[in-house]
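Written below as structure tokens is the structure these notes are about.
The values are calculated or read from the model by the stated rules, or taken from the named source; none is laboratory data. If you're wondering where the values come from, they're calculated on a predicted model, not measured in any experiment. Every residue, glycine among them, receives a Cβ derived from its backbone with ideal geometry; neighbour counts consider all protein chains shown. Remember, those area values only see protein heavy atoms, side chains included, never the ligands or the DNA or RNA. Shrake-Rupley method; radii C 1.70, N 1.55, O 1.52, S 1.80 Å.
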Number of protein chains: 4
Amino acid sequence: MACELVAIGGRMDANRWVPASSGNLSARIDRSTIGITRSGVHKGRLEPADIIAVGLDGLAVDPTAKPSAETLLHCQLYRMDPAIGAVLHGHSVEATALSLVTDAEELVLRDYEILKAFPGIGTHEVVARVPIFDNDQDIARLSMRIAPSLTPLPIGYILRGHGVYAWGPDVERCFWRLEALEFLISCECERRRML
Amino acid sequence: MACELVAIGGRMDANRWVPASSGNLSARIDRSTIGITRSGVHKGRLEPADIIAVGLDGLAVDPTAKPSAETLLHCQLYRMDPAIGAVLHGHSVEATALSLVTDAEELVLRDYEILKAFPGIGTHEVVARVPIFDNDQDIARLSMRIAPSLTPLPIGYILRGHGVYAWGPDVERCFWRLEALEFLISCECERRRML
Amino acid sequence: MACELVAIGGRMDANRWVPASSGNLSARIDRSTIGITRSGVHKGRLEPADIIAVGLDGLAVDPTAKPSAETLLHCQLYRMDPAIGAVLHGHSVEATALSLVTDAEELVLRDYEILKAFPGIGTHEVVARVPIFDNDQDIARLSMRIAPSLTPLPIGYILRGHGVYAWGPDVERCFWRLEALEFLISCECERRRML
Amino acid sequence: MACELVAIGGRMDANRWVPASSGNLSARIDRSTIGITRSGVHKGRLEPADIIAVGLDGLAVDPTAKPSAETLLHCQLYRMDPAIGAVLHGHSVEATALSLVTDAEELVLRDYEILKAFPGIGTHEVVARVPIFDNDQDIARLSMRIAPSLTPLPIGYILRGHGVYAWGPDVERCFWRLEALEFLISCECERRRML
């Protein structure tokens, strides 16, 4: 599992979604434990030892380890849905810029074939709403603000000026959903550039 | 042939034309059979076993195999022209966004040297029309809507909000045409960005 | 020399400057002969045998070989200046689109530090003029239209809707100049996007 | 240390931040000496011998070696702060174009989570000011113009029409800060493209 996250970090980096030490990646170990990236490392150059075991309460199994500052946002998702096996969070230029040029509280997506990449969507003729939350350094408070938007689970969410959260049953599928979300966000940016 | 499609999938992925499990790739096996990518796999990480033999009626030779949902659009092209040896369909941000900012039924291209990449075109002083079809989850119905535009064969076509279809005598040449089409679409986007 | 062109073709392709079989690459063999890419091959996937010996009159040493259709434009440059050791021509989206959104006959560049990449320029406080020529399938006629603009040699030139020509003392330095030219063109595009 | 700079040059090149022979890279050797890239080489294809030992007065230890023309700008930073272990300067299209479309003397950044990549910043709710200096070929004069803006040290600075300077405790961390700065500049460009 740690090796899978290391590899996905490299693919996220190749897309330029994890500049500096930004982003965080996790995968479920068992019902009550996840592995999540250490704070302050480059996610494109991870080593397996950079993946830290954390309980779903957000506390590291080894209390000397320092997991990502945003660990609670990951835990919130794993607690919501036992089918979630991985959570990926990246910082793309497009998601950051798009969320800052609007003060809308959601990104409304329709007519995109790629929406079929998400579970339960079988046609482009849907309206998918991706919530956009104002950024907050108080992660506990932020997670409470996010909670009401997670039932039912959206296709992902955006933190304004910060980046995207995606989840899926395993690391590979979660990456696919992140790709699809970033693709949709890039399309929205491109449409605005052309107006 | 399967290995060629695997390799081309990697090159399409390097261009970011196959996010998540999008896109589909096929090549002719013989007069009445093609190999086409399995549904629900990432086209940048194919294995030869992900290429499924399908008759030109769209039915898999092995009825337990699940070929791409858009198999009929591939078959339609192979039936139209026995010289077609490969069909590639990708999802680029540019083709998706450009087709959604217009309700035009074609993309009109002129003055581009790269148009010479297409058969029968020996000068930039032509007008090439790339049909844009509204997307449809009913692939049989969509193929009937496409049919009248295939005589004579255009240089490719676009499904709105979805992506590009390109074809050629073999996998490598088909990729060249896809590159040329995506290049033209990127130029059209860039021109609109600069206005 | 052939191997150098093969390698540079790969670097041009990594920049997406040679889609399909576009672009052409050459290097001087001796005072009166150059090696130039064969017509109709992908310049990102060259093999040494794809480099054809051609006299400065544009005729292939082996009359059965088919050099690039634009060979005369290369020869014109080698004849102009014996210090030219390599010529590279690529098709970028930016050069293609920028030259089509204007009917100006030159691109006027000033204030760019990168201008110092060109011989004889030691400061950003210069005005460099890159001629833009209307495209023409009659290469002999086109070369006559280009000729008056080559004394003194500009930093490169652009064919409208087609691409950039760059030259240098050897293949590596020529690539640097192509990089600098494409960088400048991308800056000009980016500035227009932001207006 | 030389090998680290060679590797970072490759990563800068992969981002297209060092076209032609642009950019320069340095790392501290000891209290009074740094290693800096030779003038006139491609920073994406460095060899260890291209790293030249230079005193903090800007003079090469080996007087026959020719260090980067901008060596004094590096030395100025190392003299300012003994904790600086590396300085990287690149030329991106975005930094070049953005600094030329404005005559502002600083880039004002706020609301970006990625600002936390810089020392002393623990929240997106700050205002970071990146000075933009008019370019000057007289590097001694330019460094005097820059000096007043370095107390306290900003998160980096931009030379107009030229590029970005970033610094950090070691080569790897310095690259992270360069990534973060370029990310921020790209976001600012993207926001302007969408307006």
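Can you name the residue in the stretch A:122-170 that is among the hydroxyl-bearing types (Ser, Thr, Tyr) and assigned to a helix (DSSP H, G or I) and is also surrounded by the fewest Cβ atoms within 10 Å (Cβ to Cβ) among such residues?
Result: A:149.
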Exercise for the section: Taking the residues in the stretch B:174-195 that are open to solvent by less than 10 Å² (accessible area, probe 1.4 Å) and more than 7 Å from chain C (Cβ to nearest Cβ) as candidates, determine which candidate is farthest from residue B:78 (Cα to Cα). Expected result: B:189
Problem - Every residue from the stretch B:158-173 that is more than 14 Å from chain A (Cβ to nearest Cβ) and either without any contact (Cβ under 8 Å) to a residue 24 or more places away in the chain or within 10 Å of residue B:89 (Cα to Cα) (or both) - result: B:166, B:167
Exercise for the section: Tell me the strands (runs of 3 or more DSSP E) entirely within the stretch D:1-99 that contain at least 1 residues that are in contact with a Phe, Trp or Tyr (Cβ under 7 Å, 6 or more places away or on another chain) and within 27 Å of residue D:149 (Cβ to Cβ). Expected result: D:24-30, D:33-37, D:86-90
Completion exercise
From the option list A:9, A:44, single residue qualifying as open to solvent by 10 Å² or more (accessible area, probe 1.4 Å) and modelled with pLDDT of 95 or more is A:44
Exercise for the section: Looking only at the stretch C:109-130, decide whether some residue is at pLDDT 95 or above, over 24 Å from residue D:92 (Cβ atoms) and hydroxyl-bearing (Ser, Thr, Tyr). Expected result: no
Problem - Residue tally, condition surrounded by 22 or more Cβ atoms within 10 Å (Cβ to Cβ) and away from chain A (no Cβ under 12 Å), over the stretch B:19-35 - result: 6
Practice task
Please name all residue pairs, on different chains or six or more residues apart, with Cβ atoms under 9 Å, provided the first residue is in the stretch C:136-151 and is of a type in the set (Lys, Arg) and the second residue is surrounded by 16 or more Cβ atoms within 10 Å (Cβ to Cβ).
Solution key: C:145/C:133; C:145/C:136
Fill in the blank from the handout: Over the stretch D:106-121, the set of residues part of a loop (DSSP other than H, G, I, E, B) and more than 10 Å from chain A (Cβ to nearest Cβ) is D:119, D:120, D:121
Practice task
Could you list, in sequence order, all residues of the stretch D:92-141 that are hydrophobic (A, V, I, L, M, F, W, C) and under 17 Å from residue A:161 (Cα atoms)?
Solution key: D:107, D:108, D:109, D:114, D:115, D:117, D:118, D:121, D:126, D:127, D:128
Problem - Count of the stretch A:84-105 residues which are open to solvent by 10 Å² or more (accessible area, probe 1.4 Å) and small (Gly, Ala, Ser) - result: 2
Completion exercise
Scanning the stretch C:1-48 residue by residue, those within 18 Å of residue C:170 (Cβ to Cβ), among the charged types (D, E, K, R) and out of contact with any Leu (no Cβ under 9 Å at 6 or more places or on another chain) turn out to be C:4, C:11, C:28, C:30
Problem - All positions within the stretch B:52-82 that are small (Gly, Ala, Ser) and farther than 12 Å from residue B:33 by Cα - result: B:65, B:68, B:69
Exercise for the section: Look at residue D:58 and say whether it is among the small types (Gly, Ala, Ser) and within 18 Å of residue D:170 (Cβ to Cβ). Expected result: no
Problem - Of all residues in the stretch B:138-157 being under 22 Å from residue B:85 (Cβ atoms) and of a type outside the set (A, V, I, L, M, F, W, C), the one that is farthest from the other protein chains (Cβ to nearest Cβ) - result: B:151
Practice task
Six or more apart or on different chains, Cβ under 8 Å: which pairs go from a residue in the stretch A:97-123 that's farther than 26 Å from residue B:133 by Cβ to one that's charged (D, E, K, R) and part of a loop (DSSP other than H, G, I, E, B)? Could you list them?
Solution key: A:99/A:160; A:100/A:160; A:100/D:111
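Would you mind finding the one in B:16, B:38, B:45 that is among the basic types (Lys, Arg) and either away from chain A (no Cβ under 14 Å) or touching a Cys at 6+ places or on another chain (Cβ under 7 Å) (or both)? Quick ask: steps written out before the conclusion?
Details: B:16 fails: either away from chain A (no Cβ under 14 Å) or touching a Cys at 6+ places or on another chain (Cβ under 7 Å) (or both); B:45 fails: either away from chain A (no Cβ under 14 Å) or touching a Cys at 6+ places or on another chain (Cβ under 7 Å) (or both).
None of the other options fit; the residue is B:38.
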Completion exercise
Looking across the stretch C:50-68 at residues that are in contact (Cβ under 8 Å) with a residue 24 or more places away in the chain and open to solvent by 70 Å² or more (accessible area, probe 1.4 Å), the single one that is nearest to the other protein chains (Cβ to nearest Cβ) is C:66
